[in-house]
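The values are calculated or read from the model by the stated rules, or taken from the named source; none is laboratory data. All values reported here derive from a predicted model rather than from experimental measurement. Heads up, the Cβs are rebuilt from the backbone with ideal geometry, glycines too, and the neighbour counts pull from every protein chain shown.
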Amino acid sequence: MKAKLISSYELAPQVHHFLFSVPDVEQLHFKPGQFVSFNELLNGKKITRPYSIASLPDGNRFELCLNLVQEGIFSHFLFEMKPGDSVEMGAPLGFFVVRNPTKEAVFIATGTGIAPFRAMAPDYLSHPHAAQLTLLFGLRYENSIYYREEFEKFAAKHSNFRFWPTLSRPEPSWTGRTGHVQVHLLEAIGDRRDMDVFICGLKAMVDDVRAILKGLGFDRKQIIFEKYD
Ligand SMILES: Cc1cc2nc3c(=O)[nH]c(=O)nc-3n(C[C@H](O)[C@H](O)[C@H](O)COP(=O)(O)OP(=O)(O)OC[C@H]3O[C@@H](n4cnc5c(N)ncnc54)[C@H](O)[C@@H]3O)c2cc1C
């Protein structure tokens with residue numbers, strides 16, 4: 001399959017939101033939270049990179065949230081794409097999907113790790129008996145809280161959804177949470193040990209959060225994660 005870029009825009013410095021379509025199919029089937037793999041011949045080598053879909057199923061369209069990795073290869077290729085350009089793509093895959101929306105859950109993301117949660121949060125909350133969901137989102141600066149307005153509107157609409165951005169480099173004017181996501185983990189889970197915790201982002205954060213949860217007595221099956229590196 002080929003994915004054709006329709007449009008893209010800047011979410012924050014070095015972070016873009018992309019809208020693609022797959023002209024070969026009428027409907028791109030996937031579960032919210034799954035990823036697509038892009039392949040391209042770059043510098044004479046076939047390179048494959050997975051990307052979490054940051055949108056709900058919508059005909060043959062899908063969205064991505066990507067950051068430009070300075071020393072990387074594929075992210076540069078994607079950031080240089082122009083509307084109408086195509087990239088080779090494999091069918092959506094992955095097990096990082098909502099399991100039981102009637103069970104309380106915490107979603108933890110840093111940076112572009114927010115991508116699958118932009119699809120999984122509405123998926124979870126669309127269940128008529130959805131339990132409480134907390135989205136803990138760690139970033140450096142206030143101006144890079146991607147999708148902030150969207151998640152805030154969502155929290156206003158769903159009383160069982162809490163959106164908790166936390167900044168590691170806040171301006172003095174910021175009155176919200178500060179520090180890394182790890183600092184707010186206990187506040188999010190309280191005394192409960194019967195919830196699912198989904199984690200997405202770079203390895204260092206994911207491993208750290210997993211270790212904290214294991215130390216608190218969480219079972220392996222309750223900790224579901226996607227590592228980007
Ligand atoms: C299941 C899965 C889903 C993914 N979804 C996304 C997504 O939705 N958005 C996204 O931007 N990336 C995502 N990634 C990462 C993506 O596949 C690439 O690794 C990334 O675009 C860098 O590719 P590159 O060729 O430019 O750099 P590479 O040469 O692959 O990587 C260079 C270095 O950058 C680090 N790195 C990898 N990904 C990131 C990142 N996102 N931010 C900062 N450093 C990184 C790696 O540790 C590596 O050392 C996902 C990875 C996996 C495994």
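Worth pointing out:
- Selection status of S168, at negative phi, surrounded by fewer than 20 Cβ atoms within 10 Å (Cβ to Cβ) and within 16 Å of the ligand (Cβ to nearest atom): yes
- Taking the criterion of being of a type in the set (S, T, N, Q) and either more than 8 Å from the ligand (Cβ to nearest atom) or more than 13 Å from the chain's Cα centre (by Cα) (or both), the residues of region 28-52 that qualify are Q34, S37, N39, N43, T48.
- Residues (within 30 Å of T134 (Cα to Cα) and polar (S, T, N, Q)) located in region 62-101: N67, S75, N100
- Tallying residues that are closer than 21 Å to A204 by Cα and surrounded by fewer than 24 Cβ atoms within 10 Å (Cβ to Cβ) within region 110-127 yields 1.
- Check on E88, among the charged types (D, E, K, R), touching a residue at least 24 places away in the same chain (Cβ under 8 Å) and in contact with an Asp or Glu (Cβ under 7 Å, 6 or more places away or on another chain): yes
- Of all residues in region 34-52, exactly one satisfies the criterion of being hydrophobic (A, V, I, L, M, F, W, C) and over 17 Å from S86 (Cα atoms), namely F35.
- The number of residues in region 1-52 that are part of a loop (DSSP other than H, G, I, E, B), under 16 Å from M120 (Cα atoms) and either touching a Gly at 6+ places or on another chain (Cβ under 6 Å) or not basic (K, R) (or both) comes to 5.
- Restricting region 33-74 to residues that are among the polar types (S, T, N, Q) and without any contact (Cβ under 8 Å) to a residue 60 or more places away in the chain, the residue that is farthest from G111 (Cα to Cα) is N43.
- Selection within region 53-69 - assigned to a loop (DSSP other than H, G, I, E, B) and either near the ligand (Cβ under 6 Å from one of its atoms) or modelled with pLDDT under 95 (or both): V69
- Within the set I6, I108, I114, I53, the sole residue that is touching an Asp or Glu at 6+ places or on another chain (Cβ under 9 Å) and β-branched (V, I, T) turns out to be I53.
- L68 aliphatic (A, V, I, L, M) and touching a helix residue (DSSP H, G or I) at 6+ places or on another chain (Cβ under 8 Å): yes
- Flag for V97 being closer than 23 Å to V197 by Cα, more than 11 Å from the ligand (Cβ to nearest atom) and surrounded by 13 or more Cβ atoms within 10 Å (Cβ to Cβ): yes
- Just so you know, in region 172-229 the residues that are within 30 Å of F74 (Cβ to Cβ), buried (at least 16 other Cβ atoms within 10 Å of the Cβ) and without any contact (Cβ under 8 Å) to a residue 24 or more places away in the chain include one that is nearest to the ligand (Cβ to nearest atom), and it is V206.
- Applying the criterion of at least 2 residues that are among the charged types (D, E, K, R) to the strands (runs of 3 or more DSSP E) found wholly in region 115-229 leaves 223-227.
- Counted residues, region 20-39 - those being touching a strand residue (DSSP E or B) at 6+ places or on another chain (Cβ under 8 Å), surrounded by 17 or more Cβ atoms within 10 Å (Cβ to Cβ) and not hydroxyl-bearing (S, T, Y): 10
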